[in-house]
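Below is one structure, written out as structure tokens; the observations come after it.
The numbers here are math on the coordinates, done by the rules we state, and not lab data. Remember, predicted model here, so these are calculated numbers, not experimental data. So basically every Cβ, Gly included, is an ideal-geometry build from the backbone, and we count neighbours across all protein chains shown.
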Amino acid sequence: MIKNRVVYREFGTPEEDDSEQKEIDLPPQQQNPRIQVTRRGKGGKTVTEITGFQTTTENLAKLTKQLKNQCGTGGTCKGQAIEIQGDCSQKILQILLGLGYKAKISGK
């Protein structure tokens, strides 16, 4: 199986890979995450979703672990979003504001 099969390319070199996006790592003061409590698509379970991060996957994984520990619940990191089990929106808002993020609760 051929991974990258270019049929025609007018400009650029074959080594350039346009499909890979560079990860942006902004400081917390320049990020505006949104916190939303939802039950959609989760089998009726309540989940707190935090979206709007512009950081690397490693930093997002560290933040996910910190939020899970401080909320005392499980959770996961999916793409550029964090999902925490249960309705922890107020607690997460206080944690993110303390870390310097400009977080807001949406969907209420």
| All positions within the range 82-108 that are within 13 Å of Arg34 (Cα to Cα), among the small types (Gly, Ala, Ser) and surrounded by fewer than 17 Cβ atoms within 10 Å (Cβ to Cβ) | Ser106, Gly107
| message | For the range 43-81, give me each residue that is charged (D, E, K, R) and either loosely packed, with under 15 Cβ neighbours inside 10 Å or touching a residue at least 40 places away in the same chain (Cβ under 8 Å) (or both). | response | Lys45, Glu58, Lys62, Lys65, Lys78
